[in-house]
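*Asks:* Below you'll find the structure I mean.
The values are calculated or read from the model by the stated rules, or taken from the named source; none is laboratory data. Here the structure is a predicted model, which is why all the values come from computation and not from measurement. FYI the Cβ positions are ideal-geometry reconstructions off the backbone, even for glycines, and counts take in every protein chain you see. These area figures cover heavy atoms from the full protein model, side chains too; ligands, DNA and RNA do not enter into them. Shrake-Rupley method; radii C 1.70, N 1.55, O 1.52, S 1.80 Å.
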Amino acid sequence: MFFIDLKYPVLYSLLLPLIGSIILGMWGRRFGQRTIASVAISTVFGSFLLSLYIALKFWGTGDPVLLSFGNLIEVTGLEIPLGFHLDGLSVLLLTVVTAVASLILVYSTGYMVVRSSSSRFFGLMTLSVFFMLALILADNFITLLIGWSGIAVTTYLLIGFRFYNSDTVQSAKRFFIINAVSDTALLVGLILLITSPIALNYSGTGAGLTYRAVFENLTTLSVTDKPFLGSLVPLFETIAILIFIGAAGKSAQLLQHIWLPNTSDTPIPAIALMQSVTTVAAGVYLMARLHPVLLFAPTAMAIIAVISALSAFIAAGVALVQTDMKKILAWSTISQVGLMFLGCGVGAVAAAIFHLVTHAVVKSCLILSVGSVKYAMEGETDIRRLGGLKSLLPFTRVAFLAAVAALSGFPMLAGFFSVSEIFHGTFTLPFIFGWKWLAGIVGYAAIPVTAFYAYRLYYRIFEGEYHKPPGVEPSEPDLSMEAPVWISAALSVIGGIIAFPKPEFNVIDRYLSPVIDPPMISAIGFWGRTEDAFSSYFFMPITVGVFLIGYWVARNIYLRRPDDPREFKIHHKDLHMYLWDELRVEEILDVILIRPAKWIVSWLWREVDEGLIDRGIVEGTGKSTFILARMVNLLRNGYTRYYLLYLAIFITLVIWLASRQE
Amino acid sequence: MSEHEKRQVPADEGVYEMPRTAEDMKKELAQGTVTMVSGLIWTIVTIAIVGGIIKSFFDGTLIAPGSTEKSHILTLVIFLPVVGIFFNMIAHGESKFFIRLNSLVYTILPFFLCLVMLFGFSIDRTSEGLPVATDQLGNELAIRSDGTFNPLPNETGVVATYEIHDGVYMIEVDGELQPVESTITKNYFYDRSVVGMQFEELRKWIDVTDKPSTEVGESEYTIAKFQYHLGVDGISFPLLLLTTLLSTLAMIGSFNIKMRLKEYMCWFLLLEVGMLGTFTALDYLLFYVFWELVLVPMYFLIGIWGGPRKEYAALKFFLYTLFGSVFLLVGIISLYFLTGQQTFDIIKLQEIAPIQLGSATMFKWQLILFGAFFLSFAIKVPIFPFHTWLPDAHVEAPTAVSVILAGVLLKMGTYGLLRMSIPTFPEAAYVLAPALGVLAVINIVYGALVAMAQTDLKKLVAYSSISHMGFALLGMAAMNKWGFTAAQLQIINHGIISGSLFLLVGVLYDRAHTRELDAFGGLLPQMRMYGIVMIIASMANLGLPGLAGFWGEWWSLLGAVQNTEFYTTGGLSFFRILAPIALIGIIITAAYMLLMIRKIFMGPLNERWNWLTDMDAREKWAILPLVFLMVFIGIYPGPLISLFEASTLNLVHMVRFMAGIPPVGF
């Protein structure tokens, strides 16, 4: 068969990063810097080459392929298979993740060269890539969870890379706990999905927990037994919401976002990896992977769409007022991922994945060039103390500008196409009724804000006056850092062509349609609705329009009237402070959750466990036994007359009892 | 305390020679002689024992399938440590190397035998899975598990004929009728597909008989029959493996005991005997003897080698557990009288009791007896609110004993529930399942919350044990296949994880002599290996998918979600409400495990500890097998599940059948 020869390429593309991280973990401390970096890069890049081969092989074919390696668990009634689910979605992401990760790793060789413990750093980076690939290639819900949690652990360790700093550890712990909460929600969602009739009864015994089996059942049911499927819709609503909570934790969506902006001391390449292709992307991938279930949960979809649109808008608003480069980009990621979730929420999954791909390239370029700026300025990340680097860092500046333009939706650049696609889906797909207008308009409102903060960032760093910090001679970094930035900038510029409207060359369409369309068609058939007919060209001018607003405002303010922001700050003090404090979610959580919890646990331990149960009941029993013993002991006083009295009482009792027997 | 103890010079104070006196030399001479003689005897006996095992392994008498009289491997497993105790006793107290070697050898040997049982050699089997043997004339027979056999056709399709006299198969050899002697030339090993007991041993122990002076002849009436009945099935065999493994590792872990080593090792080996006996005994009296036997060594191990409050903790442990045992004893005796079967055989009573106590009038007895058994086991597990002995005992016990406490002793409680309470009183167990579920969830959440408040590292791990045993109980309460699988998985995995956590705590305590979380900080760079292992163990403990701890939690939640038999309204049911509450426990677990990691390993280095060193080779060897198991089971739990799947499935079907509930669909 055609696909047989894909089995081992896929296996090796998955295992190569793992092998790399094992080598680095075991013997990395003995290696020199160059060896460490080349082990990491060669394994991830090798994985990229393999995935490129897989992607080319996969070109033009539709159906998903299951590559089986036997079973993980084989118990009567439950089989957990061990294999890969290879379809357009996984192939596309496999390629993108390994490609971007390779770029970031190359960058890291320059960036981390003076840092110690680089074997740990590169080991964790490759391990993180491995778990992301494991998540992407998983073919069932259990291996999905394994990859999912592996990402959590590696992210935890990467955020806490400089563990000797208390703040860093705090933010790592914050990430992991938020993640634990959302993972628990996901776990419940998946358990409900696995135990629901579409996974159990209709697959018969032992059909396994593969996505394919479950989704095929779903698609079949939507045709054969509509009333039964209709009765399952409330269950799907619950599952969809729980999955959303799970995905939103990893992707740092609103209310679960607090871990992402607070990764101040994390190495820049790690931040780039997390925000472009691993941690944050994992949530979007999860939503895309499980979208057949979402399509049968319209209320949940509406909730997801509206919350995500709000998330996109509000996060962009927070990015407006921040002054730390890393923080601005973190909030920008939250906002952009909100748009992806919006796409998933309305059913435009292909567009969401498209945006994930373009955003991965754009955001890695942005973060890496911010890293170059920080590197050149010896650690300065506050834009208030930067400026005028245009002539000093010319190459970085051009790359940065390209990425900024691509992020904010400059016409014909990468972000422009994917954002337009998302809104095309939002306004045309029929799943969430009128809510799509709310979600779409709020989402669109995020675009000018994005353009504004992105250009603000650019203007504050590269235009304006140059503040020379004492003792710093900014210069372009060396080639290993420059090249990845340039490549990703170039990709940001031309990235849009992968969704070139001509069908033969439309990569997104080629890979994703076979995955996305069949469930969509069956869901549309099930709900009996029709799509609104808007061409996707209709939304491109709108995107250009809203982009221009934001761009124009930013340009006016930061090039011509730099005093305006200060006035805004004075006139809207409350709003500014609220955004500056990053929505104060953490403070609220502290008051309503952390402090009561601390009080409760110490109360439970001190009062209930030690006080009531241990000292009260347990030791009380012991003590009362002693008291009883002492009381009995009082009888034993050594006087013969007392003993005779006891004897007399005893004999009387016996006689009395005996006489009662009669 | 002996002269030698007093004269010991701490290593870091420099070495100087004590003046040698004639008395010293005399003592050394005596010690040398004793060591030489006992070493010689030890070498001979050990070689003989190992040789005997190997010989009987190859000639097929080590494990004799179908013959409960011949088979003796379980007896060997249980009582080999007694040989170790003997040699420890005759050894000179100062020859520490010999004592350690001897103790290690006699804890490894049972583990090795368990591995033989697990892997063994394969033998020929029929299509039904029965082992094939030959009789005197070379005809093939298929041996059934009760010792009888089916003749098999030979190559030409002819089936040998046997004559039956008084129920005994006879065969004509050289014109003479002989009873058939079947021989299996190869050993067989633990069979994953068999539901019932394997490696069974059944011997007479105590027959209480009554000889009434009746007019016609003399006939004996057996009043009570106590048997020496051993056997393992899927519920006990994994625990046997776990116990022998943890004992071996804990033995390695206790090599650093300085004070009264000889005595310590004796108690430790005796403890192992008690634990192994508890998991294999199939007669109530035998079970009770082993169950109580565990208490005594434990009392001394905590009370002598423990921490500052050792006497208090030891006494509390002893009295608390004894308090529970009394109820167990009363329950056993009541069961004996209520069934009136003149037997204490656990398996036989399992078949009879549910029927005899199944009627409406007797049902209250089922409830009462279940309660009595439950109380005893609940104290061992421990189930809230009977848990307060555990933190004290764990904190005060020496490292290796904590490992055994958490890894094995707690499992005796859940094992009792699975082996005795639930099968013997299935209806009561089924009726009380929601209550058990509530207790399980209280255990999970309460244990986790209290663990969160701890500042003592060992106490934190101890409370986390309470929390995690809750998942095993939740699985049992779910009363379906997934739940029972979960219980069994959680029991094994928790043994591995908490065992390694206690070993790790011990590593730190041995160096720093404190366990206060706030006293540490930033230890990761200098204790790299230790940090990595600790992080893996913590992640496993908080149930990270891909590590061992996940599976028990996952399956118990799956089981709970699947149980829609109690108080169901719409899509909701009693257990479906319990399951999400249990999940809160997982979140809190993540919080306190991370708190622990942060406080010990991360943040700025506390300069007080800049001299701490990483784990040495002995500590690594004690922990790495457990880490390997954590990762292996986490990724590939299939082999472990298949060990007990048949038994748990059977248990579920039996319980549901006896309780009159239709079996669930899978």
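*Asks:* Can you tell me which residue within the stretch B:25-70, out of those that are of a type in the set (A, V, I, L, M, F, W, C) and not in a helix (DSSP H, G or I), is modelled with the lowest pLDDT?
*Replies:* B:Ala64
*Asks:* Let me ask something else about it. Pairs only if they're at least six apart or on different chains, beta carbon under 8 angstrom, first in the stretch A:178-197 and in contact (Cβ under 8 Å) with a residue 60 or more places away in the chain, second of a type in the set (Lys, Arg); list them, first residue then second.
*Replies:* A:Asn179/A:Lys250; A:Ser182/A:Lys250
*Asks:* Going residue by residue through the stretch B:506-521, is there one that turns out to be touching a residue at least 24 places away in the same chain (Cβ under 8 Å), out of contact with any Cys (no Cβ under 9 Å at 6 or more places or on another chain), buried (at least 24 other Cβ atoms within 10 Å of the Cβ) and within 11 Å of chain A (Cβ to nearest Cβ)?
*Replies:* No, the conditions are met nowhere in the stretch B:506-521.
For (1) open to solvent by less than 10 Å² (accessible area, probe 1.4 Å); (2) of a type in the set (Val, Ile, Thr); (3) in contact with a helix residue (DSSP H, G or I) (Cβ under 7 Å, 6 or more places away or on another chain), each residue gets a yes or a no:
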site: A:Ile353; (1), (2), (3): yes, yes, yes
site: A:Ala360; (1), (2), (3): yes, no, yes
site: A:Ser372; (1), (2), (3): yes, no, yes
site: A:Val442; (1), (2), (3): no, yes, yes
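*Asks:* In the stretch A:243-262, is there at least one residue being under 22 Å from the mean Cα position of the chain (by Cα) and without any contact (Cβ under 8 Å) to a residue 40 or more places away in the chain?
*Replies:* Checking the stretch A:243-262: not a single residue is under 22 Å from the mean Cα position of the chain (by Cα) and without any contact (Cβ under 8 Å) to a residue 40 or more places away in the chain.
*Asks:* Of these, A:Phe539, A:Phe568, which one is at pLDDT below 85, touching a Ser or Thr at 6+ places or on another chain (Cβ under 7 Å) and more than 30 Å from B:Leu390 (Cα to Cα)?
*Replies:* On inspection, the qualifying residue turns out to be A:Phe539.
*Asks:* Would you point out which residue out of B:Gly340, B:Gly324 is over 18 Å from the mean Cα position of the chain (by Cα), at positive phi and of a type in the set (Gly, Ala, Ser)?
*Replies:* B:Gly340
*Asks:* A:Leu413 - would you say it is out of contact with any Ser or Thr (no Cβ under 6 Å at 6 or more places or on another chain) and open to solvent by less than 10 Å² (accessible area, probe 1.4 Å)?
*Replies:* Spelling it out, it is not the case that A:Leu413 is out of contact with any Ser or Thr (no Cβ under 6 Å at 6 or more places or on another chain) and open to solvent by less than 10 Å² (accessible area, probe 1.4 Å).
*Asks:* Sticking with this structure for a sec: Given the conditions (1) under 30 Å from A:Asp574 (Cβ atoms); (2) open to solvent by less than 20 Å² (accessible area, probe 1.4 Å); (3) in a helix (DSSP H, G or I), report the number of the one that A:Ala399 does not fulfil.
*Replies:* (1)
*Asks:* Cβ-Cβ below 6 Å, separation at least six or inter-chain, first residue in the stretch A:555-573 and not assigned by TED's automatic domain parsing to the domain that holds A:Ala454, second at pLDDT 80 or above and among the acidic types (Asp, Glu): which pairs?
*Replies:* none
*Asks:* Would you be able to say whether some residue in the stretch A:258-276 is within 14 Å of chain B (Cβ to nearest Cβ) and at pLDDT below 85?
*Replies:* Checking the stretch A:258-276: at least one residue is within 14 Å of chain B (Cβ to nearest Cβ) and at pLDDT below 85.
*Asks:* May I pose another question? Going through the stretch A:134-150 one residue at a time, which ones are under 17 Å from A:Leu89 (Cβ atoms) and within 14 Å of chain B (Cβ to nearest Cβ)?
*Replies:* Passing the criteria: A:Ala134, A:Leu135, A:Ala138, A:Asn140, A:Phe141, A:Thr143, A:Leu144, A:Gly147, A:Trp148.
*Asks:* Now a separate question. Within the stretch B:555-572, which residues are at the interface with another protein chain (Cβ under 7 Å from one of its Cβ atoms) and open to solvent by less than 20 Å² (accessible area, probe 1.4 Å)?
*Replies:* Selection gives B:Leu557, B:Leu558, B:Val561.
*Asks:* Now, a different point. Which one of B:Thr214, B:Thr185 is at pLDDT below 60, of a type in the set (Ser, Thr, Tyr) and in contact with a Gly (Cβ under 6 Å, 6 or more places away or on another chain)?
*Replies:* The unique qualifying residue is B:Thr185.
*Asks:* When you look at B:Pro625, is it open to solvent by 20 Å² or more (accessible area, probe 1.4 Å), closer than 20 Å to B:Asn493 by Cα and away from chain A (no Cβ under 11 Å), yes or no?
*Replies:* Judged against the criteria, B:Pro625 is a match.
*Asks:* Considering A:Ile549, A:Ile494, A:Ile524, A:Ile498, which residue is touching a Ser or Thr at 6+ places or on another chain (Cβ under 9 Å), surrounded by fewer than 20 Cβ atoms within 10 Å (Cβ to Cβ) and modelled with pLDDT of 80 or more?
*Replies:* Just one listed residue meets the conditions, A:Ile524.
*Asks:* Shifting gears a bit: Spot the failing condition for B:Pro297; the list is (1) surrounded by fewer than 21 Cβ atoms within 10 Å (Cβ to Cβ); (2) away from chain A (no Cβ under 14 Å); (3) without any contact (Cβ under 8 Å) to a residue 40 or more places away in the chain, and only one is missed.
*Replies:* (1)
*Asks:* Which one is farthest from B:Gly531 (Cα to Cα), of the residues in the stretch A:157-191 that are at the interface with chain B (Cβ under 8 Å from one of its Cβ atoms), among the aromatic types (Phe, Trp, Tyr) and open to solvent by less than 30 Å² (accessible area, probe 1.4 Å)?
*Replies:* A:Phe176
*Asks:* Could you grab me the full set of residues in the stretch A:450-481 that are modelled with pLDDT of 90 or more and touching a Gly at 6+ places or on another chain (Cβ under 6 Å)?
*Replies:* Result: A:Ala451, A:Phe452.
*Asks:* In addition: Is one or more of the residues making up the stretch A:580-589 open to solvent by 50 Å² or more (accessible area, probe 1.4 Å), modelled with pLDDT under 90, within 14 Å of chain B (Cβ to nearest Cβ) and under 30 Å from B:Leu460 (Cβ atoms)?
*Replies:* Yes: one or more hits.
*Asks:* Scan the stretch B:166-182 for residues that are modelled with pLDDT of 70 or more and open to solvent by 80 Å² or more (accessible area, probe 1.4 Å) and report the count.
*Replies:* Going through the stretch B:166-182 one residue at a time, the tally reaches 4.
*Asks:* Also: Please identify the pairs in which a residue from the stretch B:468-486 that is within 14 Å of chain A (Cβ to nearest Cβ) has its Cβ atom under 9 Å from the Cβ atom of a residue that is outside any helix (DSSP H, G or I) and among the small types (Gly, Ala, Ser), counting only partners at least 6 apart or on another chain.
*Replies:* What qualifies is B:Phe471/B:Gly543; B:Lys481/A:Gly77; B:Trp482/A:Gly77.
*Asks:* List every residue pair whose Cβ atoms sit under 8 Å apart, with the two residues 6 or more apart in sequence or on different chains, where the first one lies in the stretch B:529-549 and is within 11 Å of another protein chain (Cβ to nearest Cβ) and more than 15 Å from B:Met596 (Cβ to Cβ) and the second, anywhere, is open to solvent by 10 Å² or more (accessible area, probe 1.4 Å) and polar (S, T, N, Q).
*Replies:* No pair meets every condition.
*Asks:* Here's another thing I want to ask about it. Quick one: B:Phe575 ticks every box in (1) on the phi > 0 side of the Ramachandran plot; (2) more than 9 Å from every other protein chain (Cβ to nearest Cβ); (3) open to solvent by less than 20 Å² (accessible area, probe 1.4 Å) except a single one, so which number is it?
*Replies:* Of everything listed in (1) on the phi > 0 side of the Ramachandran plot; (2) more than 9 Å from every other protein chain (Cβ to nearest Cβ); (3) open to solvent by less than 20 Å² (accessible area, probe 1.4 Å), B:Phe575 misses just condition (1).
*Asks:* Further question: Might you let me know whether the stretch A:568-576 holds any residue that is within 32 Å of the chain's Cα centre (by Cα), surrounded by 14 or more Cβ atoms within 10 Å (Cβ to Cβ) and either within 14 Å of another protein chain (Cβ to nearest Cβ) or of a type outside the set (Asp, Glu) (or both)?
*Replies:* Among the residues of the stretch A:568-576, at least one is within 32 Å of the chain's Cα centre (by Cα), surrounded by 14 or more Cβ atoms within 10 Å (Cβ to Cβ) and either within 14 Å of another protein chain (Cβ to nearest Cβ) or of a type outside the set (Asp, Glu) (or both), which makes the answer yes.
*Asks:* Given (1) open to solvent by 10 Å² or more (accessible area, probe 1.4 Å); (2) more than 14 Å from every other protein chain (Cβ to nearest Cβ); (3) among the polar types (S, T, N, Q), where does B:Ser498 come up short, assuming only one miss?
*Replies:* The failed condition is (1).
*Asks:* Of the numbered conditions (1) surrounded by fewer than 23 Cβ atoms within 10 Å (Cβ to Cβ); (2) more than 14 Å from chain B (Cβ to nearest Cβ); (3) small (Gly, Ala, Ser), A:Ser117 fails exactly one; give the number of that condition.
*Replies:* Failing condition for A:Ser117: (2).
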